[in-house]
Amino acid sequence: MFGTVLYYLIRILPMWICLLVFSIPLVLFLIQKNGGKGNWCYWAIQYFFLSYLIFVLQIGGITRILFFLQNPVYFKPSTMTVNLIPFVDLFSDPSQYFANILLFVPFGLLFPFLAPKNRLHSTLLWGIGFSCSIEVLQAFCLRTPDINDLLMNTLGVLLGYFLFAFFQKQTSFKYKAVQKVPSSKKHKMEYYFLFSYLFIFLFDFFTMIADPTSNP
């Protein structure tokens, strides 16, 4: 499992660098527009959350859709499979369950900083929605959408949120210090997910143009 994570971290590094290069001028522009004032902590959490979303999408392999669009001969709908049986391989491959839980812990930990109201409710709903979107798209990547992935991802979101709540109570790092951003400057939550999907697809699209032999 560690080798797999390292492999994806290496693959995702150029995307994170591009995201950082894109983010810095934007943040500086917003600071200048706001009279030289800005909440660096809040913007840092936004960057880390977007980086995390892009990392999860990369692991989910959803950009393989681009490969099949470019090479439709390899797409065979007859091979599409879906697993709707919970815990069917719990004892034969428990590490996969553990990995899916860990993968979504950062979601539950970071998302509440960006959601000012109904944090537990919205964190859980957005986490489930994000996981569902990946599972649905995986069907078109000839990967197997799995109900177990959705269940374990949801559990990971809950664990992450409980960590967020625990640190809020046990440390001096208060939520209000991060969330103190004018309401007019707050972004709707769907923008984060739309941006992450758009970013990773555009990045892989231009990568395929530069190197037609590449396979997302």
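Annotations for the structure displayed:
- All Cα-Cα distances of the chain, cut into 10 Å bins from zero to the largest, leave 7, 29, 34, 21, 7, 1 percent in each bin in turn.
- Ranking of THR171, THR63 by solvent-accessible surface, largest first: THR171, THR63 (1.4 Å probe, protein heavy atoms only, all chains present).
- Our summary gives the chain a relative contact order of 29 percent, counting only alpha carbon pairs under 8 angstrom and 6 or more residues apart.
- Rounded accessible area of ARG119 (nearest 10 Å², 1.4 Å probe): 80
The values are calculated or read from the model by the stated rules, or taken from the named source; none is laboratory data. Treat the numbers as computed from the prediction; the structure is a model and nothing was measured. Protein only, heavy atoms only, side chains kept; ligands, DNA and RNA dropped before computing areas. Shrake-Rupley method; radii C 1.70, N 1.55, O 1.52, S 1.80 Å.
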